[in-house]
Every structure is written in structure tokens, then in C-alpha cells.
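For reference, the structure is listed below as C-alpha cells.
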Amino acid sequence: MGVFVFLPLVLPLTAWPIAHLATQHLHPRTATGLLSAMAAVMALCSTLCLGLLMVVGTAQLPGNPLPDGWSDPEVRESVPHDEIVGRAAIPVLLAVVMGCGRTLWRHCRVRRQAHAALAGLRATSVAILPDDEPYAYALPAGPRDRIVVTTALLACLNSRERRALFAHERAHLTARHHRHLLIAQLAARANPFLLPLRTAVSYVTERWADEEAARSVGSRKAVARAIGKAALVSRATPTPTLAALAAP
């Protein structure tokens with residue numbers, strides 16, 4: 001097989017043109033599903049490739065508990081410089097596992113902290129916080145999904161723009177966008193070549209929520225005004241979902 005054994009590691013280089021084409025030519029709903037699934041498959045394949053390279057390249061080490069078949073010359077010959085590649089794959093695979101584990105841990109920690117911060121409020125679908133900082137985000141929790149918004153942001157919007165805002169955040173919750181974003185984040189941790197897909201998934205989920213909000217309120221102009229006002233008054237980039245909130 002020669003150098004073709006490394007193909008799963010470099011195939012994610014195609015992520016940039018694929019992400020560009022998908023975001024430009026596909027409906028945001030279709031693009032979200034396609035890009036997140038592609039990111040998951042490519043990340044899984046590259047991680048499995050690293051594992052196999054490590055196993056084959058270290059099969060000859062003394063005391064290795066692997067089956068004898070892994071050390072057959074025919075198997076080792078399929079990997080160029082098998083011992084060097086196998087040893088190099090060990091720290092890379094450890095970095096992948098640690099990076100993905102840290103992302104999952106951070107996601108769960110932020111989720112717990114976000115719910116703990118709202119524990120004193122009434123158990124309603126919308127939590128309004130008395131805060132001078134304008135922001136809003138969707139907080140997924142299954143049956144306890146909530147939209148969190150501050151009084152500062154609500155004060156900047158008229159009634160129709162508020163409806164657009166709530167429809168936008170509700171679309172994030174209904175479509176479970178946080179799952180797609182988390183998959184894309186984990187994939188980018190597993191293989192940095194997949195970073196364009198993570199960015200693209202974040203973009204198309206926002207477009208998807210905008211489309212749903214426009215359909216709900218019946219006015220793209222109201223959605224555009226709500227987004228524009230929120231962007232102008234916010235000091236930081238709005239956090240649309242828990243997965244984005246937990247991003248590094």
C-alpha cells in the first residue's frame with residue numbers, strides 16, 4: 001500500500017473546498033447535516049489510521065502484548081518506515097484523545113454551570129437576566145430547554161425583533177444545533193485539517209436558525225434588524241448555543 005496508508009490523515013485537506021461549496025450552494029439544513037457527518041467520518045478514519053500505524057509500527061517492541069500476526073513482515077512492509085511511524089503515532093494519538101476528552105469535559109462543565117446559574121429562576125422556557133451586557137443564547141437540556149436573554153438586549157429590540165430573536169434561539173434548540181457543533185469541535189480536535197468544517201458548521205447553523213426565524217415571523221427584514229442591533233450593542237460575538245459557549 002505504501003504511502004496510501006496515510007491517506008485518511010491527509011484526506012481532511014479537502015475540507016476547505018467542500019465546506020465552501022456546501023455553504024454557498026446547499027440549504028443550511030442540508031449543509032449542517034452533511035458537514036457534521038463528514039467531519040465525524042473523517043475524524044474517525046484519521047484516528048483509526050493513527051491507531052493502526054501505532055499498532056503495526058510497535059508490534060516488534062519487546063513485551064508487546066499484541067498478536068503475533070501484527071508483526072508479520074507483510075504487514076510491516078505495507079507501512080513505510082513502520083517503526084519510526086509507529087513511535088511517532090503514539091504521542092499524536094495521545095494528543096487526540098486528550099484534546100477530545102478536554103473538549104467533552106469542558107462542554108459538560110459549562111452545561112452544569114449554566115444550569116446552576118439559572119437554578120434560582122422560575123422554571124420557564126425563557127430566562128430573562130437583569131444584566132447590562134446584551135446577549136442571548138440557547139441552553140439545551142432535553143425537556144428543560146431554555147432561552148437565556150438579558151434585559152439589556154431586550155431593551156434594544158422592538159416587539160417584532162424580539163419575536164425574531166426568540167424564534168432564532170428556539171430554532172437552535174429544536175434542531176439540536178449544539179450536537180452538530182460539538183461533533184465538529186471534536187472532529188477538529190482529532191484532526192486540525194478539519195477546522196474549516198468546524199467553522200462552516202457554525203456558520204450554516206446560524207443561517208439555518210435565521211431561516212427558521214424569518215419563516216416564523218414572516219419577515220427577513222425583522223430578523224436582519226434584530227441580528228444587526230444585537231451585533232452592534234454586543235461587545236463580544238453572540239453565543240448561540242451551549243456548544244459554542246463551551247468552545248475554547
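The values are calculated or read from the model by the stated rules, or taken from the named source; none is laboratory data. Keep in mind that this is a model prediction, so the values were computed, not measured. Glycine also receives a Cβ, built like all others from the backbone with ideal geometry; neighbour counts cover every protein chain displayed. Calculation scope for accessible area: heavy atoms of the full protein, side chains included, ligands and nucleic acids excluded. Shrake-Rupley method; radii C 1.70, N 1.55, O 1.52, S 1.80 Å.
Taking the listed residues 89, 40, 15, 22, the one that is modelled with pLDDT under 95, buried (at least 16 other Cβ atoms within 10 Å of the Cβ) and under 14 Å from residue 194 (Cα atoms) is 15, with no other qualifying. Give the residue, chosen from 124, 103, that is hydroxyl-bearing (Ser, Thr, Tyr) and under 24 Å from residue 204 (Cβ atoms). One residue alone meets the criteria, 103.
Note on the range 184-221: residues that are among the hydrophobic types (A, V, I, L, M, F, W, C) and over 19 Å from residue 15 (Cβ atoms) total 5.
Does any residue of the range 174-182 turn out to be over 30 Å from residue 46 (Cα atoms) and among the basic types (Lys, Arg)? No.
The combined condition, being in contact with a helix residue (DSSP H, G or I) (Cβ under 8 Å, 6 or more places away or on another chain), buried (at least 18 other Cβ atoms within 10 Å of the Cβ) and on the phi < 0 side of the Ramachandran plot, is fulfilled by residue 187. Scanning the range 108-117 for residues that are open to solvent by 50 Å² or more (accessible area, probe 1.4 Å) and closer than 28 Å to residue 232 by Cα yields 111, 113, 117. Beta carbons closer than 9 Å, at least 6 apart along the sequence or on distinct chains, pair a first residue in the range 107-120 that is within 21 Å of residue 177 (Cα to Cα) with a second that is open to solvent by 80 Å² or more (accessible area, probe 1.4 Å) for 115/144. For the range 167-184, what are the residues that are part of a helix (DSSP H, G or I) and among the small types (Gly, Ala, Ser)? Once the filter is applied, which keeps residues that are part of a helix (DSSP H, G or I) and among the small types (Gly, Ala, Ser), the range 167-184 yields 167, 171, 184. I want to confirm something. Restricting to the range 118-166 and keeping residues that are part of a strand (DSSP E or B) and in contact with an Asp or Glu (Cβ under 8 Å, 6 or more places away or on another chain), which single residue is most open to solvent (accessible area, probe 1.4 Å)? Per the stated criteria, the residue is 137.
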